[in-house]
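Since the structure comes first, as C-alpha cells, the remarks are kept for the end.
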Amino acid sequence: MLRPDVARITEDIRDAAVKVHRTLGRGLLENAYRSCLARELSLRVHEVDLEVPVQLVYEGERIPLAFCADMVIDRRVVLELKALEMVIPRHFAQARTYLRVGRYDAAILLNFHAPRLIDGYFLLDPSFP
C-alpha cells in the first residue's frame, strides 16, 4: 500500500499520462511521449528528472551507471516508458529492478501504444513481488 503522499504523485502521473496519450494518440516514438509527459508534469509543479542513472551497490562499492531510468518524479517515483504493441515480463522486471535498486517509493510502467492508456498503466509498489 502506498503512502498518501506517494499515491497523490502517482495519481498526478496517471492523469498527466492520460492527457498526453489523448492529445498525441498512438504511434509515436517513446521520446516524444517522454518529452510531452515531462512538460505536463512540470506544469503540475512536479520535479522531473530524465534519463536518471540508477546506482547499484555491489559488496559495498557503488557502481554508478548500472541502469538508466527513463524518468524520476519528485525523487520518489520511477517511470519506465514504452511505446510497444505489448509489454512483456522483462519490462515489468526492468521497472521492479529500478524500484528496488533505486529505493524509490513506487514504479510505474507506461505503455503509450495501448489503445487506452489506462490499459497500459502499471503501478508497482515495493511490496509487489
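The values are calculated or read from the model by the stated rules, or taken from the named source; none is laboratory data. This structure is a prediction, so every number in the text was calculated from the model and none was measured. Neighbour counts are summed over all protein chains in view; Cβ atoms, including those assigned to glycine, are modelled from backbone coordinates with ideal geometry. Accessible surface areas use protein heavy atoms only, side chains included; no ligands, DNA or RNA. Shrake-Rupley method; radii C 1.70, N 1.55, O 1.52, S 1.80 Å.
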Can you give the accessible area of Asp74, probe radius 1.4 Å, in Å² rounded to 10? 40 Å²
With every protein chain left in place and a probe of 1.4 Å, what is the accessible surface of Cys68, to the nearest 10 Å²? 60 Å²
For Tyr121, distant residues with modelled amide H under 5 Å away: Asn111
Given charges at Cβ of Lys, Arg, Asp, Glu: segment 5-129 dipole, positive-most of Leu43, Tyr121, Ile9: Tyr121
In whole Hz and in residue order, list the ³J(HN,Hα) couplings for segment 92-99 that follow from phi through the Karplus curve 6.51 cos²θ - 1.76 cosθ + 1.60, θ = phi - 60°; x for Gly and Pro. 5, 4, 4, 5, 5, 5, 4, 4
Computed lengthening from Ile63 to Phe122, 0.36 nm per intervening residue step minus Cα-Cα distance: 18.4 nm
With all protein chains present, calculate the accessible area of Arg96 using a 1.4 Å probe and round the result to the nearest 10 Å². 70 Å²
Of the heavy-atom accessible surface of the chain (probe 1.4 angstrom), what whole percent is carbon and sulfur? 55 percent
Per residue, what accessible area does the chain have, given a 1.4 Å probe and all protein chains present, in Å²? 58 Å²
Any chance you could run the full-extension gain for Lys19 through Ala7? It's 0.36 nm times the residue separation minus the Cα-Cα distance, nm to one decimal. 2.5 nm
Put Thr23, Thr10, Thr97 in order of accessible area, largest first, 1.4 Å probe: what do you get? Thr23, Thr97, Thr10
Projected-area average for the chain over all orientations - Cα convex hull basis, square nanometres: 7.8 nm²
